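Student: One structure, pasted below without further comment.
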Amino acid sequence: MRFYDREKEQQVLGEVLHRSKSEAKMTVLMGRRRIGKTELSVRCGDDTVLYFFVGKKAETLLCQDYVREIREKLGAPILGTPRTFSEVFRFVLQLSESRPFTLVIDEFQNFLKVNPAIFGDIQRDWDLHKGKSHLNLIISGSVFTLMKKIFEDYEELLFGRANEKMTLQPFTTDVLKQILADFNPDYTPEDLLALYSITGGVPWYVSLLLDKGKIRRDDMLGALTEENSPFINEGKNILIEEFGTDYVTYFSILTCIASGLKTRSEIENELGNNNIGPYLVKLEDYYKIITKSLPIFAKENSKKVRYQLNDCFLIFWFRFFYKYQALVENKALKALGDIIQRDYSSVSGFMMERYFMKKFQEEGRYIVGKWWDRKGDNEIDLIVVDPIAKEAWIYELKKQGYRYKEDEFREKVNNVLSQTPELRKLTVHLGSLSLEDIL
C-alpha cells in the first residue's frame, strides 16, 4: 500500500529539519503500535537518515548494529569498538557538527530494559553538544505510557528536551474512503464499514487486508481467522507489555466492555469482582484505552457513567479472539470464523455509530455526543451541536433507512428535551442516518 495522509505531520517534520541546520533538534513521535511512526520518521524530508532500532538485547550488540548503520549510511569510521550507547550517540552528535543528517531511534522506550542509565547519558550529551550539532533527532515509541513518562514527567531526565511532540492518530474517515476506493472503486457501504470496524483506520491493519486483496466485507472478516493470521494474537502483542503481570484482570474488564457491558456495576456482576475501580481508573487515565462517557450536557458528577473502548481493533479483538481464546488455543479457527460471521452484525451497528461520531468530530466544529436516561431505557444514538449557530441535530441510526419512524423518534426526542434544558435553547433538527450515509 502506498503512503497515505500525514501531510500536516510531514510539514512539521520538514520545518524541524530546516531548523536543525542551525542547531540540533529533537522530535518525539508517540502512538499505538502499527500507527505508522517508523514510516513517517524516515519520510522526514532528509536525504540521509540513520535508523537505530532499540531491540531487547544487550547494549553491546545494539551498538554493533548502530556502528554498522553509521558506516553504511555515512561511510564514517569509528575508532575502536563502542560498547555503550553513550559512545555511539556522542559520536553521532559530534559528526553532525560538520555534516547535518537525521537520526531515527525507534522503540525508544526499550532502553528501559536494555540499560536505564542510557537516558541520563542522552540528556548529558544532548545538553553539551546540541548547540554546535546539526542533528535532526527523531525519537519514536509505541508503549504510550512509557513514552509519556520519559518525556512528560517533570522528574524524568529527558523532560523538556523535545522541541516537538506528536501523537499519531488513525486515518480519518475521508482518508479511509479514499484508500478503499483506490483498491476497490465499486466498494459498498458494507465494505467500508467492515474496513473501519476491523481496523479503526490503523494503517498497518488496513494494509494487511487490502494488499492481500481483501476488499469486500466477507473477505475481510474471513482474513481474520486464516492460518497464521497476524490478527489472532495482535491484541495480546500490543497490550501485554503495557499491563505486565496484571494483564488478566485488565483483559477481563476490556472483554466485558467490548461485549457491550457499559457500566461498572454490569462489569462487576459479570466478573464477580467488586474491586475493579482502580483498574478502570488506570485504563482511562494512565493507559488511555477506555473513556468514561456521560450523556451530552450531563454534569461531571452525574451517575450516568458508561465506559467504552477507544480502539476499534481492540473492540474486535476482545469481542472475538480473547473471548473465544479456547478456540484459538485449540486451533479451531474455522469455528471462530463462523462465530465472527454470525455475530458481526451485532458489532457493526455499534461501529456504524462510532463511524458517524468520528466523522462529525473530524469537522472540528461540533460538540458530538449521545444521550441516555439513568435506567438506559431511553437512548439517543447521536446528537451533533453547533455552538456558534446554536443548532442541534438529533439522529436515530438505522442500518436500513426505511426502518426509521419519525413520529416514534419525535416522542423520544421530546423526552430528551424535557430533561436537557441546554438543548431547548437551540434550534433542534430531527433526522436519521443509515448505512448508505457513510459513503
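The values are calculated or read from the model by the stated rules, or taken from the named source; none is laboratory data. Fair warning: this is a prediction, and the values are worked out from it, not measured in the lab. Virtual Cβ from ideal backbone geometry, glycine too; neighbours counted across all protein chains shown. Note: accessible area is taken over every heavy atom of the protein model, side chains too, but ligands, DNA and RNA are not part of it. Shrake-Rupley method; radii C 1.70, N 1.55, O 1.52, S 1.80 Å.
Student: Run the accessible area of the chain with a 1.4 Å probe and give the carbon-and-sulfur part as a rounded percent.
Tutor: Carbon with sulfur: 47 percent of the solvent-accessible area.
Student: Now for a separate question. Considering amide H positions built from the backbone, and no H for Pro or chain starts, which residues 5 or more places from Val104, or on another chain, come under 5 Å of its amide H?
Tutor: It is Leu50, Tyr51, Phe52, Ile138, by chain and number.
Student: Hey, what do the phi angles of the range 369-378 turn into as Karplus ³J(HN,Hα) couplings, whole Hz, using 6.51/-1.76/1.60 and θ = phi - 60°, x for Gly and Pro?
Tutor: Coupling constants for the range 369-378: x, 10, 9, 8, 7, 5, 7, x, 7, 10 Hz.
Student: If a/c stays under 1.5 just call it rounded; otherwise compare a/b with b/c (prolate if a/b is bigger, oblate if not). Do that for the range 164-235, with a ≥ b ≥ c from the square roots of the Cα gyration tensor eigenvalues.
Tutor: oblate
Student: Further, regarding this structure: In deg cm²/dmol and to the nearest 500, what is the mean residue ellipticity at 222 nm of the chain if only DSSP H runs of at least 4 residues count, each as -39500 (n - 2.57), divided by the residue total?
Tutor: After summing the helix terms and dividing by the residues of the chain, the value is -13500 deg cm²/dmol.
Student: So what are the radius of gyration and Dmax for the Cα set of the range 1-129, in Å?
Tutor: Using the Cα atoms of the range 1-129, the pair Rg, Dmax is 14.8, 43 Å.
Student: Give, to the nearest whole percent, the P(r) tail of the chain beyond 42 angstrom, counting all Cα pairs.
Tutor: Percent of Cα pairs beyond 42 Å in the chain: 24.
Student: Relative contact order for the chain using alpha-carbon pairs under 8 Å, separation at least 6, rounded to a whole percent?
Tutor: 13 percent
Student: Quick one: which residues, 5 or more positions from Asp373 or on another chain, have an amide H under 5 Å from its amide H? H modelled 1.01 Å from N in the peptide plane, none for Pro or chain starts.
Tutor: Amide H neighbours of Asp373: Asn378.
Student: Now for a separate question. With a Cα-only, solvent-free Debye model of the range 209-321, what are the log10 I(q)/I(0) values at q = 0.21 Å⁻¹?
Tutor: Log-scaled intensity ratios, in q order: -1.14.
Student: Here is a further query. If you take every DSSP beta bridge whose two residues both sit in the chain, what share of them, in percent to the nearest 5, is antiparallel?
Tutor: Counting only bridges with both partners in the chain, antiparallel ones make up about 35 percent.
Student: Which is the longest run of the chain containing none of the GluC sites (Glu not before Pro) found in DSSP loop states (not H, G, I, E, B) with at most 10 other C-beta atoms within 10 Å?
Tutor: Longest site-free region, per DSSP loop and neighbour criteria: 1-154.
Student: While we're on this one: Per residue, what accessible area does the chain have, given a 1.4 Å probe and all protein chains present, in Å²?
Tutor: In whole numbers, the chain has 47 Å² accessible per residue.
Student: In terms of Cα to Cα distance under 13 Å, which aspartates and glutamates are near enough to Lys370, apart from those fewer than 8 places away along the same chain?
Tutor: Leaving aside aspartates and glutamates fewer than 8 places away in the same chain, those within reach of Lys370 are Glu353, Glu379, Asp381, Glu396.
Student: Starting from the amide H of Val202, placed 1.01 Å from N in the peptide plane, find each other amide H under 5 Å away whose residue is 5 or more places distant or on another chain.
Tutor: The list, which skips near neighbours in sequence, is Phe171.
Student: So if I take the centroid of the Cα atoms in the range 194-232 and the same for the range 307-338, what is the distance between those two points in Å?
Tutor: With the range 194-232 and the range 307-338 each reduced to a Cα centre, they are spaced 14 Å.
Student: Okay, next question. For the range 67-111, what are the per-bin percents of Cα-Cα distances with bins 5 Å wide, up to the bin holding the maximum?
Tutor: 5, 18, 32, 28, 13, 4, 0
Student: Shifting gears a bit: Over the range 246-312, how many percent of alpha carbon pairs lie in each 10 Å bin up to the one with the longest distance?
Tutor: P(r) over the range 246-312, rounded to whole percents: 20, 58, 21, 1.
Student: So, one more: Too long at a 32 Å Cα-Cα cut-off: which of Lys25/Lys299; Lys214/Lys359; Lys73/Lys214; Lys304/Lys425; Lys334/Lys399; Lys113/Lys214?
Tutor: Lys25/Lys299; Lys73/Lys214; Lys113/Lys214
Student: Please list, or write none, the lysines whose alpha carbon is within less than 17 Å of the alpha carbon of Lys37, excluding same-chain residues fewer than 8 places away.
Tutor: Lys8, Lys148, Lys165
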